[in-house]
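Asker: Handing you a structure now.
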Amino acid sequence: MLIRNAEIDFGRRGDVRVADGVIAGIGRLAPAAGEAVLDARGDALLPGLHDHHIHLLAFAAARDSVRCGPPWVKDEKALAQALQAAALTSSGGWLRGIGYHESVAGEIDRDWLDRVLPLCPARIQHRSGRLWILNSRALDIVVQDETPLETVDGRFTGRLYDADAWLRGRIGATEPPIRTASYYLLSRGVTGITDTTPGNDATAFALMAAARRKGDLVQSVLMMGGDGLDGLPERDGVRVGARKFHLHETDLPAPATLVAEIRHSHEAGRAAAFHCVTLAELVFALSALEEAGSVCGDRIEHASVAPPDILPWIARLGLAVLSQPNFIAERGDAYLRDVDPQDRPWLYRQRAFLAAAIPLGAGTDAPFGDADPWKAMQAAVTRLTPSGEILDPAERLTPEEAVALFLGAPGNPGGPSRTIAVGAPADLCLLDRPWEEARRDLGQVGITTTIKGGRIVWPR
Ligand SMILES: [Zn+2]
């Protein structure tokens, strides 16, 4: 295939030949006999984007769910309406809500849900991912002799903490619609993902490899997860990545245990990744890495709060930081309201990491954030909160720096951007406009064609 008249490297015009899944030529090229030609009309051609932090199966499931929290739903009445509207159009099976936050209607329970949804079994997930709230119809289905459900005075409240696997066992594992999730990402130019779900195991690995084989999942996958992934060889474009440590400030592991587990991962040839949304979690992770020793590929997810004195430490350990600029656009006002004033200047920093020579990559954290990487890039450029405040203007990036957050190699986020070069894999996305126009508002960018392994995969 010959892509003619494309804008490459943010300004240079040229033709790009794709053959056998790789880029075979760049320059002024004439079509060979019978070669397919795609006229780019001067629009920008970029390497396919890589979302460095996403939860694919949860994202796929969330596309079938009711959004129960801000910014979509902000109060009790709106939540009740959203749930009842979904119940009216559902086929009578389970109703699933996601993203609940107590700012909407407080600590809701079974009785609250029964008033709104008396007829269909329903479960609502808290935004943290750790809590499910079930109504009575749902309890009728899942309750058996042994249950981890919370009770008050011997009666179930409907609230269920940290029991995803248990719940899945009761409801039955319905396969999430991976195909529509994968094609949504293709429509935004994403050709690769790093799945950062801590609970990923050999079953999740097999599920994604099977989806790749069937063509339901088009993106190549770097899969983080637990030690159940140790030693698994690459299969159908799914590769094992770092061991993910999900640290919670209120429930931290014993330091010696964490150090031993980091060493074990390194010995198994895997880097370590740490979920750190508070300063305490970050300091805990850095201390453990200091003791265990860090290796290339170790990384900090979120690094939501990073004061200046921490930055040299991150840099010295050679860690990459994986940020979610979209959170600023989605939750920025809540941060300004709820976060400790002394932490506020150090929220979701960008420029400061670059200035400290810390590799900075990005992922959307979908379904906990919006999966559109272009909205995330625009948020990195503007740092605008939903109400229009700017979260520390000094941290803003240029549009070129913002797009680079998604152009690092899967195993080296924040490292050198992948480029359109002869011999590179033909994973590409063609924008609907030239770069000069795109950079004015990255959130408005459309993708006209996405190419994976030399094949046009979007539009279908
Ligand atoms: Zn995440």
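Asker: Just give me the residues in segment 38-54 being open to solvent by 20 Å² or more (accessible area, probe 1.4 Å) and either within 16 Å of the ligand (Cβ to nearest atom) or within 28 Å of Gly129 (Cβ to Cβ) (or both), in sequence order.
Answerer: Initially, segment 38-54 is screened for residues open to solvent by 20 Å² or more (accessible area, probe 1.4 Å), giving 38-39, 41, 43.
Residues satisfying the conditions do not exist here.
Asker: Could I ask something else about it? What is the one condition in (1) away from the ligand (no atom under 16 Å from the Cβ); (2) buried (at least 20 other Cβ atoms within 10 Å of the Cβ) that Gly14 does not satisfy?
Answerer: Just one mismatch for Gly14, condition (2).
Asker: In addition: Quickly run through segment 312-355 and pick out the residues that are open to solvent by 30 Å² or more (accessible area, probe 1.4 Å), in a loop (DSSP other than H, G, I, E, B) and closer than 22 Å to Asn412 by Cβ.
Answerer: The answer is Gly318, and nothing else.
Asker: Let me ask something else about it. Do we find a residue being within 16 Å of the ligand (Cβ to nearest atom), open to solvent by 40 Å² or more (accessible area, probe 1.4 Å) and not polar (S, T, N, Q) anywhere in segment 270-284? Spell out the reasoning first.
Answerer: Taking segment 270-284 first, the residues within 16 Å of the ligand (Cβ to nearest atom) are 272-278, 281-282.
If we keep only those that are open to solvent by 40 Å² or more (accessible area, probe 1.4 Å) as well, we get 277.
Remaining after also requiring not polar (S, T, N, Q): 277.
Scanning segment 270-284, I find at least one residue that is within 16 Å of the ligand (Cβ to nearest atom), open to solvent by 40 Å² or more (accessible area, probe 1.4 Å) and not polar (S, T, N, Q), so the answer is yes.
Asker: Further question: Would you be able to tell me the number of residues in segment 46-72 that are outside any strand (DSSP E or B) and either on the phi > 0 side of the Ramachandran plot or touching a strand residue (DSSP E or B) at 6+ places or on another chain (Cβ under 6 Å) (or both)? Quick ask: steps written out before the conclusion?
Answerer: Step one: filter segment 46-72 for residues outside any strand (DSSP E or B), giving 48, 55-65, 68-72.
Among the residues that remain, those that are also either on the phi > 0 side of the Ramachandran plot or touching a strand residue (DSSP E or B) at 6+ places or on another chain (Cβ under 6 Å) (or both) are: 48, 56, 62, 65, 68-69.
The total comes to 6.
Asker: Quick check on my filter: what residues within segment 409-427 are open to solvent by 40 Å² or more (accessible area, probe 1.4 Å) and part of a loop (DSSP other than H, G, I, E, B)?
Answerer: Gly411, Arg418, Thr419, Val422, Gly423
Asker: Residues being touching a residue at least 12 places away in the same chain (Cβ under 8 Å), surrounded by fewer than 17 Cβ atoms within 10 Å (Cβ to Cβ) and under 21 Å from Ile141 (Cα atoms): count how many of those fall in segment 65-110.
Answerer: Of the residues in that region, 4 qualify.
Asker: If you take the residues of segment 159-189 that are within 16 Å of the ligand (Cβ to nearest atom) and open to solvent by less than 20 Å² (accessible area, probe 1.4 Å), which of them is nearest to Asp64 (Cα to Cα)?
Answerer: Ala181
Asker: If you check Leu258, Leu252, Leu247, which single one turns out to be over 17 Å from Gly129 (Cβ atoms), open to solvent by less than 10 Å² (accessible area, probe 1.4 Å) and touching a Phe, Trp or Tyr at 6+ places or on another chain (Cβ under 8 Å)?
Answerer: Details: Leu252 fails: open to solvent by less than 10 Å² (accessible area, probe 1.4 Å); Leu247 fails: over 17 Å from Gly129 (Cβ atoms).
Of Leu258, Leu252, Leu247, the one residue that is over 17 Å from Gly129 (Cβ atoms), open to solvent by less than 10 Å² (accessible area, probe 1.4 Å) and touching a Phe, Trp or Tyr at 6+ places or on another chain (Cβ under 8 Å) is Leu258.
Asker: Ala32 - would you say it is away from the ligand (no atom under 16 Å from the Cβ), of a type outside the set (S, T, N, Q) and either in a loop (DSSP other than H, G, I, E, B) or in contact (Cβ under 8 Å) with a residue 60 or more places away in the chain (or both)?
Answerer: Working: away from the ligand (no atom under 16 Å from the Cβ): yes; of a type outside the set (S, T, N, Q): yes; either in a loop (DSSP other than H, G, I, E, B) or in contact (Cβ under 8 Å) with a residue 60 or more places away in the chain (or both): yes.
Against the criterion (away from the ligand (no atom under 16 Å from the Cβ), of a type outside the set (S, T, N, Q) and either in a loop (DSSP other than H, G, I, E, B) or in contact (Cβ under 8 Å) with a residue 60 or more places away in the chain (or both)), Ala32 qualifies.
The values are calculated or read from the model by the stated rules, or taken from the named source; none is laboratory data. None of these values were measured; they are calculated from a predicted model. Backbone-built Cβ (ideal geometry, glycine too); neighbour counts: all protein chains shown. Keep in mind that these areas ignore ligands, DNA and RNA; they rest on the heavy atoms of the full protein, side chains included. Shrake-Rupley method; radii C 1.70, N 1.55, O 1.52, S 1.80 Å.
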